[in-house]
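Read the structure below first, then the notes.
The values are calculated or read from the model by the stated rules, or taken from the named source; none is laboratory data. As the structure is a prediction and not an experimental result, all values here were calculated from the model. In this analysis, Cβ positions are derived from the backbone assuming ideal geometry, glycine residues included, and neighbour counts consider all displayed protein chains.
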Amino acid sequence: MAILAGAGALASVSGCNKADETPPEATVSTSAKSPVSAAPSTKAKFRVPLESEIRDSVTLASVRRGRALIHSTKDSLPGHVGASLTCANCHAGDGTEPNGMPLVGVYARFPQYRARSARVDRIENRINDCFERSMNGKALAWNSPEMRDMVAYLAFLSTGFPVGVDMEGQGVPSLEPLKGDTTRGAQVFAANCVACHGADGQGTNAAPPLWGPKSYNIGAGMARINTAARYIRQLMPRDRPGSLTPQQAFDVATYVNTRPRPDFRGKEKDWPKGGAPPDVAYQTLAAKR
């Protein structure tokens, strides 16, 4: 079962980030149509733009480079990726699959206030969160060609989308939280996940590691059991997505996220105004007050 199928976990992309389960969204425009305002009560239809909507070759080349970076992040940017992951491991189909943590429409929802940082973040902040947390690596310079190309790709995926509006197929479907069990989770993992992720969870050519030194660190959104369970229930196993019950999803998410993984320096400063989600695996300074 390829729990992370395609990453950088821009995490899940929502409008106003309820608990920072979200990914990137932006501040650059392409030569394609710009997003237009719409009533915030209306969900935008999910639509993957066509490359033919891009009007000039320079922007097209940048968008294609951005998609290539999303698809092959580790190989393309080894100095910025510490884990054996790519952005597409979490953002299925290079961010183009509905209900698979899509990047479609993300650009139109940034800048946005995020509770984890307690500030209004730009899309570049969100991208770098994924590099530093989901990929256990180093941030990109905001003015780097790589950042520019990734933002261009996200902007392209938001062509024609209304600004600040939620989208059909955004993030992954919600699940009622359940109490996970590591013993049952180990059994679910052995029966459904080892073919792709390996018996030791360290990954294979088919799928990335789920714990250990080459996996996402504790500060990543996927390190939260509720987030992981929703993703697993919707997308795993890759050859039988949706075949696990909600309880099985929570059991295997609990098993995976209680295995050793890299730390994240400064994690205690997350949610500085309080309100950290209950499944965050570390104590914050705000929670101690």
Elements of type helices (runs of 4 or more DSSP H) contained in the stretch 1-105, each with 3 or more residues being buried (at least 19 other Cβ atoms within 10 Å of the Cβ) and modelled with pLDDT of 65 or more: 57-71, 92-95
Whichever residue in the stretch 174-204 is closer than 28 Å to Lys74 by Cα and either within 19 Å of the chain's Cα centre (by Cα) or modelled with pLDDT under 95 (or both) and, among such residues, is surrounded by the fewest Cβ atoms within 10 Å (Cβ to Cβ): Gly203
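Quick grid of which residues meet (1) of a type in the set (Asp, Glu); (2) in a helix (DSSP H, G or I); (3) more than 22 Å from Ala220 (Cβ to Cβ):
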position	(1), (2), (3)
Asn125	no, yes, no
Asn128	no, yes, no
Ala139	no, no, no
Gly180	no, no, no
Thr183	no, yes, yes
Phe189	no, yes, no
Gly203	no, no, no
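Would you confirm, using the coordinates I've provided, whether Thr227 is touching a helix residue (DSSP H, G or I) at 6+ places or on another chain (Cβ under 6 Å), farther than 23 Å from Pro98 by Cβ and not charged (D, E, K, R)? Please lay out each step first, then the result.
Values: touching a helix residue (DSSP H, G or I) at 6+ places or on another chain (Cβ under 6 Å): yes; farther than 23 Å from Pro98 by Cβ: no; not charged (D, E, K, R): yes.
No, not satisfied.
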Candidate set from the stretch 157-173 (those that are within 18 Å of the chain's Cα centre (by Cα) and over 17 Å from Phe250 (Cβ atoms)); member that is surrounded by the fewest Cβ atoms within 10 Å (Cβ to Cβ): Glu168
Residue in the stretch 243-252 that is among the aromatic types (Phe, Trp, Tyr), farther than 13 Å from Ser134 by Cβ, surrounded by 18 or more Cβ atoms within 10 Å (Cβ to Cβ) and touching a Lys or Arg at 6+ places or on another chain (Cβ under 6 Å) present: no
Complete set of residues in the stretch 228-246 that are aliphatic (A, V, I, L, M), under 15 Å from Asn89 (Cα atoms) and not in a helix (DSSP H, G or I): Met236
Any pair with Cβ under 9 angstrom, 6 or more apart, that starts in the stretch 178-197 at a residue that is within 16 Å of Gln247 (Cβ to Cβ) and small (Gly, Ala, Ser) and ends at one that is modelled with pLDDT of 95 or more and loosely packed, with under 15 Cβ neighbours inside 10 Å: Gly180/Thr258; Gly185/Thr258
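In the stretch 243-278, what count of residues is obtained for those that are over 17 Å from Trp211 (Cα atoms) and acidic (Asp, Glu)?
In the first step, residues of the stretch 243-278 are kept if they are over 17 Å from Trp211 (Cα atoms); the result is 243-248, 265-278.
Restricting the remaining residues to those that are acidic (Asp, Glu) gives 268, 270.
Qualifying residue count, the stretch 243-278: 2.
May I ask you to list the residues in the stretch 231-243 that are among the hydrophobic types (A, V, I, L, M, F, W, C) and either at pLDDT below 95 or closer than 15 Å to Val194 by Cα (or both)?
Ile232, Met236
Among the candidates Pro208, Pro277, which residue alone is assigned to a loop (DSSP other than H, G, I, E, B) and either acidic (Asp, Glu) or surrounded by fewer than 24 Cβ atoms within 10 Å (Cβ to Cβ) (or both)?
Numbers: Pro208 fails: either acidic (Asp, Glu) or surrounded by fewer than 24 Cβ atoms within 10 Å (Cβ to Cβ) (or both).
Criteria check complete, one pass: Pro277.
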